[in-house]
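Here the structure is laid out as structure tokens; the discussion comes afterwards.
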Protein chains: 2
Amino acid sequence: MKKSVRETFRVGADADLSAIDSKGRPIGPRDKAAAAEAVRDLGMRLDALQEALTAEASGGGPRSVLLVLQGMDTAGKGGVVRHVAGLVNPQGLAIASFKEPTAEELARDFLWRIRERVPRPGQIGVFDRSHYEDVLVARVDRLVPEEVWRARYDAINAFEAELDSQGVTIVKCMLHISPEKQAERLLERLDDPAKRWKYNPHDVDTRLKWPQYMQAYTDALRFCSTDAAPWYVIPSDRKWYRNWAVAALLAETLTAMGPRFPEPDFDLEAEKARVKAAVV
Amino acid sequence: MKKSVRETFRVGADADLSAIDSKGRPIGPRDKAAAAEAVRDLGMRLDALQEALTAEASGGGPRSVLLVLQGMDTAGKGGVVRHVAGLVNPQGLAIASFKEPTAEELARDFLWRIRERVPRPGQIGVFDRSHYEDVLVARVDRLVPEEVWRARYDAINAFEAELDSQGVTIVKCMLHISPEKQAERLLERLDDPAKRWKYNPHDVDTRLKWPQYMQAYTDALRFCSTDAAPWYVIPSDRKWYRNWAVAALLAETLTAMGPRFPEPDFDLEAEKARVKAAVV
């Protein structure tokens, strides 16, 4: 039987990034033109599904979607926001970027700033980086002692299970690129005056810790890919494939949720008569 | 000389809604197909301009844009958010919907909740309804005494001048529809199961006060169309024309602002060498 998009990209307790080809195309379109056409279709599906999700919430439904994006610099978190989140009505989006925590944020539990940005019913939330930074950069750069970051995997699983039980469907994507592709993209940023502002010299420092980051990512994938909040690894060396894959994952997830337009809480015929009688 | 989009739609101290044809097409495309093509081009322009605005802000620039949308129910505020704001990168958007004020909001100055949602540098903010509700519904439904709403025009002008001086370019659009078109759209909402959730029986009560609303709109347009924050009246009986007009207005405004990519604050050649040397 044919695998679904979710089954294809899902990883679990045995996640192994070195075994996943960042240039791979295990399912879906084989080239850029086919992907462009597929993304157009997905855009229409996503738009309709999101509208139904918004409508459902307007009738009191609790459900929402949260797309979590993680990946090394230049992996394409911003590109997915632009090209995938950009497919739906921006009114229904809640995009949150998590940068280095502020002093106020550091003074609180690491999930505090995350809870603040959980999507409300009807919304599609997008996290550009997330609470996973607290077991990635926090671990690699030893921002906290090991016992602190080690305890966070369980805290994250409990948090995500809580969200799931409240109606938040979580879709976590690790945008997987090769270090060679990163070097290429960093040089592109430097070469193009319109991209130069995205370059941060600090990215090179992070790049030099690639193996440590892959280890930290692997543990995050292994310990925190639950049924309530699965991790997907998206081959991201090809931008068009990455965008298609995330859009397809989102569409499949929303289709499975099956959001429904609410029944009207008014008398339809009486309202038609009222509108017709309201001559101005 | 040919009028610009801004000149065409701008109103001033002599604003007269009864003299503006809500089906009018005083400039731009004559039919839906031409508008679709024009909007595609505008989308590419807006996307590039927004990217430059974001980049400029990343270099410390203070500037942003605030699109204020007002109009009677079904005039198309939501449609403009979807089809015009939807043309740009959602990451750079800050959309705020102002519904009936909460108890907390009512306890404060009417501009308090508005200030909270002013776009930050680099953002394109969109207000779906705004502080103008406080001189529209507040006036028509006598939610506050006359001396209170009368004082608000000056307060609004002072507030908007302050925003302008801080770098917020304000574009205010009144989406102008005829009462006949509204009746048609309300009935459409009732007829289509996928649109029914947008129907609110209260809209008919508001509809019955159409003349009072037009008077309140006229005063808002006359008293608050300043050079710092001009009002534009957009003929909105045709959805495709309305969307084109707002997109064109926004593109013209952003083009006039001329956002610029910042100069890098690092040594370009040194960084290229660092990236090349960072073999992983």
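Here, each number is a calculation from the coordinates, and none is a lab measurement. Because the structure is predicted, anything quoted here is derived from the model rather than measured. Because the Cβ atoms are built from the backbone with ideal geometry, glycine has one as well, and the counts that use them run over all protein chains shown.
Determine which single condition B:L17 fails, assuming it passes every other condition in (1) touching a helix residue (DSSP H, G or I) at 6+ places or on another chain (Cβ under 9 Å); (2) within 14 Å of chain A (Cβ to nearest Cβ); (3) closer than 30 Å to B:G258 by Cβ.
If we test B:L17 against (1) touching a helix residue (DSSP H, G or I) at 6+ places or on another chain (Cβ under 9 Å); (2) within 14 Å of chain A (Cβ to nearest Cβ); (3) closer than 30 Å to B:G258 by Cβ, just (3) comes out false.
Mind listing just one residue for me: the one in the stretch B:107-133 that is acidic (D, E) and surrounded by fewer than 17 Cβ atoms within 10 Å (Cβ to Cβ) and, of those, farthest from B:A216 (Cα to Cα)?
From the stretch B:107-133, those acidic (D, E) are B:109, B:116, B:128, B:133; that's our starting set.
Of the ones still in play, those that are also surrounded by fewer than 17 Cβ atoms within 10 Å (Cβ to Cβ) are B:109, B:116.
Working: B:D109: 20, B:E116: 25 Å.
The qualifying residue farthest from B:A216 (Cα to Cα) is B:E116.
Give the stretch A:60-87 a look and list any residue that's surrounded by fewer than 16 Cβ atoms within 10 Å (Cβ to Cβ) and either within 9 Å of chain B (Cβ to nearest Cβ) or in a helix (DSSP H, G or I) (or both), or say none. Don't jump to the end; show me each part of the working.
Residues of the stretch A:60-87 that are surrounded by fewer than 16 Cβ atoms within 10 Å (Cβ to Cβ), as a first pass: A:60, A:62, A:78.
If the condition is that a residue be surrounded by fewer than 16 Cβ atoms within 10 Å (Cβ to Cβ) and either within 9 Å of chain B (Cβ to nearest Cβ) or in a helix (DSSP H, G or I) (or both), then A:G78 is the only one that fits.
Which one is farthest from B:A194 (Cα to Cα) among residues in the stretch A:255-280 that are charged (D, E, K, R) and surrounded by fewer than 14 Cβ atoms within 10 Å (Cβ to Cβ)?
Of all residues in the stretch A:255-280, those charged (D, E, K, R) come to A:260, A:263, A:265, A:267, A:269, A:271-272, A:274, A:276.
Going one step further and asking which of them are surrounded by fewer than 14 Cβ atoms within 10 Å (Cβ to Cβ), we end up with A:260, A:263, A:265, A:267, A:269, A:276.
Values: A:R260: 9, A:E263: 10, A:D265: 14, A:D267: 16, A:E269: 17, A:K276: 21 Å.
Per the stated criteria, the residue is A:K276.
Among the candidates A:G43, A:G28, A:G86, single out the residue that is small (G, A, S) and under 14 Å from the mean Cα position of the chain (by Cα).
Result of the check over A:G43, A:G28, A:G86: A:G86.
Would you mention how many residues in the stretch B:88-121 are among the acidic types (D, E) and assigned to a strand (DSSP E or B)? Lay out the reasoning, then the answer.
Taking the stretch B:88-121 and keeping what is among the acidic types (D, E), we get B:100, B:104-105, B:109, B:116.
Narrowing further to those that are assigned to a strand (DSSP E or B): none.
Selection size over the stretch B:88-121: 0.
Looking at the stretch A:179-232, which of the residues that are in contact (Cβ under 8 Å) with a residue 12 or more places away in the chain and over 25 Å from A:E100 (Cβ atoms) is nearest to the chain's Cα centre (by Cα)?
For the stretch A:179-232, the residue satisfying everything is A:Y232.
Just the residues that are within 13 Å of another protein chain (Cβ to nearest Cβ) and either closer than 19 Å to A:A85 by Cα or touching a Gly at 6+ places or on another chain (Cβ under 7 Å) (or both), please, taken from the stretch A:243-264.
Start the filter on the stretch A:243-264 by keeping residues that are within 13 Å of another protein chain (Cβ to nearest Cβ), which leaves A:259-264.
Within the stretch A:243-264, A:P259, A:P262 meet the criteria.
Quick check on this structure: which one of B:R113, B:R82 is touching a residue at least 12 places away in the same chain (Cβ under 8 Å) and charged (D, E, K, R)? Full working, then the answer.
Working: B:R82 fails: touching a residue at least 12 places away in the same chain (Cβ under 8 Å).
Just a single option satisfies the conditions, and that option is B:R113.
Table: residues versus (1) surrounded by fewer than 16 Cβ atoms within 10 Å (Cβ to Cβ); (2) in contact with a strand residue (DSSP E or B) (Cβ under 6 Å, 6 or more places away or on another chain); (3) among the aromatic types (F, W, Y); (4) under 24 Å from B:T169 (Cα atoms).
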residue: B:E7; (1), (2), (3), (4): yes, no, no, yes
residue: B:R10; (1), (2), (3), (4): no, yes, no, yes
residue: B:D16; (1), (2), (3), (4): yes, no, no, no
residue: B:A33; (1), (2), (3), (4): yes, no, no, no
residue: B:D41; (1), (2), (3), (4): yes, no, no, yes
residue: B:L46; (1), (2), (3), (4): no, no, no, yes
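Taking the options B:L46, B:L53, B:L42, name whichever one is away from chain A (no Cβ under 13 Å), of a type in the set (A, V, I, L, M) and not in a strand (DSSP E or B). Full working, then the answer.
Details: B:L46 fails: away from chain A (no Cβ under 13 Å); B:L53 fails: away from chain A (no Cβ under 13 Å).
On inspection, the qualifying residue turns out to be B:L42.
Results for (1) of a type in the set (S, T, Y); (2) in contact with a His (Cβ under 8 Å, 6 or more places away or on another chain); (3) within 19 Å of A:G78 (Cβ to Cβ), shown as yes or no for each residue.
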{"residue": "B:L42", "(1), (2), (3)": "no, no, no"}
{"residue": "B:A55", "(1), (2), (3)": "no, no, yes"}
{"residue": "B:P62", "(1), (2), (3)": "no, no, no"}
{"residue": "B:V65", "(1), (2), (3)": "no, no, no"}
{"residue": "B:Q70", "(1), (2), (3)": "no, no, no"}
{"residue": "B:G86", "(1), (2), (3)": "no, no, yes"}
{"residue": "B:P101", "(1), (2), (3)": "no, no, no"}
{"residue": "B:A107", "(1), (2), (3)": "no, no, no"}
{"residue": "B:L111", "(1), (2), (3)": "no, yes, no"}
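Among the residues of the stretch A:3-11, is any in contact (Cβ under 8 Å) with a residue 40 or more places away in the chain, touching a Phe, Trp or Tyr at 6+ places or on another chain (Cβ under 6 Å) and either closer than 19 Å to B:L87 by Cβ or in a helix (DSSP H, G or I) (or both)?
yes
If I go through the stretch A:231-279 residue by residue, how many of them are among the small types (G, A, S) and farther than 22 Å from A:V65 by Cβ?
Pass one, the stretch A:231-279, residues among the small types (G, A, S): A:236, A:245, A:247-248, A:251, A:256, A:258, A:270, A:273, A:277-278.
Then drop every residue that is not farther than 22 Å from A:V65 by Cβ, which leaves A:270, A:273, A:277-278.
Summing the residues that are among the small types (G, A, S) and farther than 22 Å from A:V65 by Cβ in the stretch A:231-279 gives 4.
Being over 18 Å from B:S58 (Cα atoms) and more than 7 Å from chain B (Cβ to nearest Cβ) is the filter here, so list the residues in the stretch A:192-207 that pass it. Let's see the steps before the verdict.
First, pick out the residues of the stretch A:192-207 that are over 18 Å from B:S58 (Cα atoms): A:204-207.
Result: A:D205, A:T206.
For the stretch B:98-108, check the following and say yes or no: at least one residue is among the hydrophobic types (A, V, I, L, M, F, W, C) and at the interface with another protein chain (Cβ under 10 Å from one of its Cβ atoms). Write out each step before concluding.
Applying the first criterion (among the hydrophobic types (A, V, I, L, M, F, W, C)) to the stretch B:98-108 yields B:98, B:103, B:106-107.
Filter once more, so that each one left must be at the interface with another protein chain (Cβ under 10 Å from one of its Cβ atoms): none.
Scanning the stretch B:98-108, I find no residue that is among the hydrophobic types (A, V, I, L, M, F, W, C) and at the interface with another protein chain (Cβ under 10 Å from one of its Cβ atoms), so the answer is no.
Checking A:K23 against (1) in contact with a strand residue (DSSP E or B) (Cβ under 7 Å, 6 or more places away or on another chain); (2) buried (at least 21 other Cβ atoms within 10 Å of the Cβ); (3) away from every other protein chain (no Cβ under 14 Å), which test does it fail?
Status for A:K23: all satisfied but (2).
Which residues, counting only those in the stretch A:170-193, are touching a Ser or Thr at 6+ places or on another chain (Cβ under 6 Å) and under 30 Å from A:Q123 (Cβ atoms)?
Once the filter is applied, which keeps residues that are touching a Ser or Thr at 6+ places or on another chain (Cβ under 6 Å) and under 30 Å from A:Q123 (Cβ atoms), the stretch A:170-193 yields A:V171, A:L175, A:H176, A:I177.
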